[in-house]
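One structure is given below, encoded as C-alpha cells.
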Amino acid sequence: MAAILIIARLTIREAQRRRLLWVALFMGLAFLLVFGIAFHYIRLDIERQVTAGDDITFVSLLLLTAGLYAVNLLTNVVAVLVSVTTLSGEIESHTIDAIVTKPIPRWQVVMGKWLGFAGLVLAYLALLVGGLMLIVYLRSGFLMDNIGRGVAMMALAALLVLTVSIAGGTRLSTIANGVMTFMLFGLAFMGGLVEQVGALIRNTAAVNVGIVSSLIMPADSLWKKATVYFQPSDVSNPFELGPFAAITEPSSLMVAYAVVYLLVLLALALRSFSRRDL
Amino acid sequence: MSDLVIDTHSLRKEFGPKVAVADLTLDVRAGEVFGFLGPNGAGKTTSIKMLLSLTKPTAGRATLLGRPLGDLAARAKIGYLPEHFRFHEWLRADEFLNLHGELYGMDRAARGAAVPRLLKLVGLEDRAATKLGAFSKGMLQRIGLAQALLNDPALVFLDEPTSGLDPIGRRVVRDIITDLRQRGMAVFLNSHFLSEVEKTCDRVAFIRGGRVLQTSSLKEFEEEAMQVVVRVGQPTPELLTGLAQFGRNVALEPGDGRVRLTMSDEAQLPALAHWVVQNGHNLYELTPTHLSLEDRFLQVVGEESDE
Ligand SMILES: Nc1ncnc2c1ncn2[C@@H]1O[C@H](COP(=O)(O)OP(=O)(O)OP(=O)(O)O)[C@@H](O)[C@H]1O
Ligand SMILES: [Mg+2]
C-alpha cells in the first residue's frame with residue numbers, strides 16, 4: 001500500500017516540477033480577479049437601479065452560479081489535461097518500465113496516480129469555489145445555502161472525468177485518449193442541452209436522448225444536480241436562472257449511478273493496466 | 001530448493017502473427033554471469049520482458065529465484081536496467097535513486113547509505129543534484145545501472161548496459177559486473193559487445209529467431225576447438241597429409257609457408273611438434289589460438305541467417 005502513496009506524491013511533485021501547479025494557480029487567481037471586478041461593477045449598477053433586497057440577492061445568486069458554472073467547466077478540462085498523458089505517455093516513453101518492475105503490484109501505480117491527480121483537482125476546485133464565495137460574500141454579504149452539497153456534485157463530476165482519462169490512458173495513445181475523453185464530455189454536455197430543451201417543449205424523445213447520454217457520461221447531470229442545490233427553494237420559476245438552471249432535476253439515483261460508474265471504471269482501469277503488455 | 005535463479009521452459013511470445021520468442025528454455029545458476037547473445041530482433045529484450053512480467057508469455061513457464069513469474073518477493077531481489085533507460089527527467093539524480101529505493105521498500109537509512117555509494121560507483125557523485133533531463137545518454141545509462149543495484153539484488157538483468165557508454169564507462173560496467181559476481185550475485189546480460197562478454201561471462205546462450213541455438217560455458221569454448229599455426233622451413237605435400245592425423249581443415253597459407261589446422265585437443269600439441277621434427281622439418285613456429293567469441297557468434301548465429 002505504501003507504493004500508492006509514493007506514486008501519489010510523485011504525481012504531485014511532477015505537477016510542481018513541470019510548473020503545472022504554478023500556472024494553474026496563477027490562472028486561477030486571474031480568473032477570480034476578473035470575476036471579482038465584474039461582480040463589483042454589476043453590483044454597483046444593480047444597486048443604482050433596483051432597491052428591493054430580494055432582487056439584489058437574486059443577482060448575486062445568478063452571478064455566483066454563473067461563476068460556479070465556469071469553475072465546473074474549468075476543473076473538468078483541467079482534470080483531463082493534467083491526467084491524459086500520464087499513463088500512455090509513460091508507457092510510450094518506457095519510463096514506466098523501471099517502475100512496474102519494482103516489488104509493487106501494478107494496480108497500485110494507477111491508484112497512486114489517480115489519488116495524486118484527484119488531490120490536485122479537488123484542491124483546485126476548492127480554491128476556485130472558495131475564491132468565488134469569498135468575493136461574493138465580501139462584496140455583498142450573500143452566502144449560498146447548500147453550497148457544500150452542490151460543490152460535492154461538482155467534485156464528483158471532476159473525479160469522473162479524471163477517471164475516464166486515466167482509464168483511457170491504460171490502453172489508448174495519449175492523443176486518442178484525449179479525443180475520447182473530450183468527446184465523452186462533449187456528448188454529455190450536448191445530451192444535457194437536448195434534455196433541457198426536450199423538457200421545455202415536452203418532447204419525450206429529446207428527453208430520452210438526454211437520459212441516455214447522461215448514462216453514457218453522467219458528468220453533466222451532476223452539474224445539474226449541483227445547480228438544484230444552488231437554487232434557493234423559493235425560486236418559483238427555475239428558468240429565471242437562465243442557462244445555468246436545471247429544468248429537470250436529476251434524481252438521487254443518478255448520483256448513485258455516477259458513484260458506481262466511477263468505481264467500476266476505476267476498477268477496470270486498475271485491471272486493464274495490470275494485464276497489458278508494456 | 002535448487003540453486004537456479006532463472007529456470008524457463010518453452011517460454012513463447014507472439015505479437016499477433018509475429019513470433020518474437022519461439023522457445024526459450026534455459027537456466028541460470030546462482031552467482032553466474034550469463035551472456036544472452038543474438039542478432040537484432042532475435043528476441044532478447046522480449047525474453048527479459050517476459051521474465052520481468054512486463055509482457056505476458058503466450059505459453060511456457062518459468063521461475064525467477066525459485067518463485068513464479070511476477071512474484072513480488074522475488075522482484076524485491078531483482079534489479080533491472082531497461083534497454084531504453086528512459087527515466088523521469090524532471091527528477092534530480094539523487095531524487096531518482098531515492099524514489100526507486102522507496103519503491104524497493106528500503107527505509108530512509110538504507111537509502112541514505114545506498115544512494116551516495118551508488119552515485120560514486122557509476123561515477124556520477126558530482127551530478128547528484130543535476131536533473132536527469134540534463135543528463136547525456138551515457139549518464140542516463142549509468143544512473144539506470146545504479147538504480148538496478150539499489151536493493152543489493154540476487155539477480156540483475158542488464159539489457160545492453162554499455163550501448164551508450166564511452167570506453168571508460170564500459171570498463172566501469174565490466175568492473176561492476178565482476179564485482180557483482182564476486183559477491184555472489186547473478187547477472188543476466190544482453191550485449192552486442194562480445195569482447196566484453198568474453199571477459200565477464202561464465203556462460204553464454206546464442207539465440208536467433210526466438211530460439212536458443214546453443215548454450216555453453218566460455219571454459220568449454222577454450223577447451224574446445226582451437227586454431228593452430230605451424231610454420232616450417234619448407235612445407236611439403238607429405239607434411240600436409242601428415243598433419244591431417246592431428247586435426248582437421250589443414251591448409252597451407254599462400255605465400256609465407258604457414259600451415260593452419262583446427263585441433264580439438266591441446267594435449268596433442270607436443271606429439272605434433274615431435275612428429276614434425278622427426279620427419280626432418282625445421283619448426284619455426286607452433287601457435288595455438290582459440291576462437292574469439294565473435295568468431296563463435298558468427299559461426300553459430302551467422303551462418304544460417306537471413307532465412
Ligand atoms: N510490441 C511488439 N509488437 C510487435 N512485435 C514486437 C514487439 N516487440 C518486439 N517485437 C518483435 O519481436 C522481435 C524480437 O524483438 P526484441 O526487441 O526482443 O529483439 P532484441 O533481440 O532485443 O533485438 P536488439 O538486439 O535489436 O535489441 C522483433 O522482430 C520485433 O520486431
Ligand atoms: Mg533488445
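The values are calculated or read from the model by the stated rules, or taken from the named source; none is laboratory data. The structure presented is a predicted model; accordingly, all values stated were derived computationally and were not measured. Cβ coordinates were reconstructed from backbone atoms using ideal geometry, including for glycine residues, and neighbour counts include every protein chain displayed. Calculation scope for accessible area: heavy atoms of the full protein, side chains included, ligands and nucleic acids excluded. Shrake-Rupley method; radii C 1.70, N 1.55, O 1.52, S 1.80 Å.
Things worth noting here:
Quick grid of which residues meet (1) in contact with a strand residue (DSSP E or B) (Cβ under 6 Å, 6 or more places away or on another chain); (2) within 13 Å of ligand 1 (Cβ to nearest atom); (3) within 14 Å of chain A (Cβ to nearest Cβ):
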residue	(1), (2), (3)
B:186	yes, no, no
B:192	no, yes, no
B:198	no, no, no
B:201	yes, no, no
B:220	no, no, no
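- Of the listed requirements (1) away from chain A (no Cβ under 14 Å); (2) within 16 Å of ligand 2 (Cβ to nearest atom); (3) within 20 Å of residue B:201 (Cα to Cα), residue B:80 misses just one: (1).
- Residue check: residue A:46 meets all listed conditions (1) closer than 30 Å to residue B:147 by Cβ; (2) surrounded by fewer than 18 Cβ atoms within 10 Å (Cβ to Cβ) but one, namely (1).
- Meets criteria (part of a helix (DSSP H, G or I), among the hydrophobic types (A, V, I, L, M, F, W, C) and touching a Leu at 6+ places or on another chain (Cβ under 7 Å)) for residue A:180: yes
- Verdict on residue A:160 being buried (at least 20 other Cβ atoms within 10 Å of the Cβ) and either assigned to a helix (DSSP H, G or I) or in contact (Cβ under 8 Å) with a residue 40 or more places away in the chain (or both): yes
- Any hit, segment B:208-218, residues being open to solvent by 80 Å² or more (accessible area, probe 1.4 Å) and part of a loop (DSSP other than H, G, I, E, B): no
- Taken as a whole, the condition of being surrounded by 12 or more Cβ atoms within 10 Å (Cβ to Cβ) and not aliphatic (A, V, I, L, M) applies to residue A:57.
- Of all the residues in segment B:14-35, those that are within 16 Å of ligand 2 (Cβ to nearest atom) and within 14 Å of chain A (Cβ to nearest Cβ) number 4.
- Note on segment B:36-60: residues that are more than 14 Å from ligand 2 (Cβ to nearest atom) and in a strand (DSSP E or B) total 2.
- Leading residue by the ranking (nearest to residue B:164 (Cα to Cα)) among those in segment B:126-141 that are part of a helix (DSSP H, G or I), open to solvent by less than 60 Å² (accessible area, probe 1.4 Å) and in contact with a helix residue (DSSP H, G or I) (Cβ under 8 Å, 6 or more places away or on another chain): B:138
Per-residue answers, yes or no, for (1) within 19 Å of residue B:175 (Cβ to Cβ); (2) within 16 Å of ligand 1 (Cβ to nearest atom); (3) in contact with a Gly (Cβ under 8 Å, 6 or more places away or on another chain):
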position: B:79; (1), (2), (3): yes, no, no
position: B:86; (1), (2), (3): no, yes, no
position: B:94; (1), (2), (3): no, no, no
position: B:108; (1), (2), (3): no, no, no
position: B:116; (1), (2), (3): yes, no, no
position: B:120; (1), (2), (3): yes, no, no
position: B:127; (1), (2), (3): no, no, no
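- Residue match in segment B:109-125 (condition: surrounded by 19 or more Cβ atoms within 10 Å (Cβ to Cβ) and at the interface with chain A (Cβ under 8 Å from one of its Cβ atoms)): no
- Exactly one residue among B:59, B:74 is over 22 Å from the mean Cα position of the chain (by Cα), without any contact (Cβ under 8 Å) to a residue 60 or more places away in the chain, open to solvent by less than 50 Å² (accessible area, probe 1.4 Å) and away from ligand 1 (no atom under 16 Å from the Cβ), and that residue is B:74.
- Within segment A:17-46, if we keep just the residues that are charged (D, E, K, R) and within 14 Å of chain B (Cβ to nearest Cβ), the residue that is farthest from the chain's Cα centre (by Cα) turns out to be A:17.
- Residue list for segment B:267-307, filter: open to solvent by 50 Å² or more (accessible area, probe 1.4 Å), part of a helix (DSSP H, G or I) and at pLDDT below 80: B:295, B:299
- Selection of segment A:46-89 for residues being over 30 Å from residue A:121 (Cβ atoms) and either modelled with pLDDT of 90 or more or basic (Lys, Arg) (or both) yields only A:48.
- Some residue of segment A:262-275 being open to solvent by 30 Å² or more (accessible area, probe 1.4 Å), within 16 Å of residue A:188 (Cβ to Cβ) and modelled with pLDDT of 90 or more: yes
- Of the residues making up segment B:17-56, those that are open to solvent by 60 Å² or more (accessible area, probe 1.4 Å) and within 8 Å of ligand 1 (Cβ to nearest atom) are B:18, B:40, B:41.
- Here residue B:251 qualifies as over 30 Å from residue B:211 (Cβ atoms) and free of Cβ contacts under 8 Å to residues at least 24 places away in the same chain.
- Residue in segment B:145-158 that is of a type in the set (Val, Ile, Thr), within 14 Å of chain A (Cβ to nearest Cβ) and open to solvent by less than 30 Å² (accessible area, probe 1.4 Å) present: yes
- Screening residue A:123 against (1) crowded, with 22+ Cβ neighbours inside 10 Å; (2) away from chain B (no Cβ under 14 Å) leaves a single unmet condition, (1).
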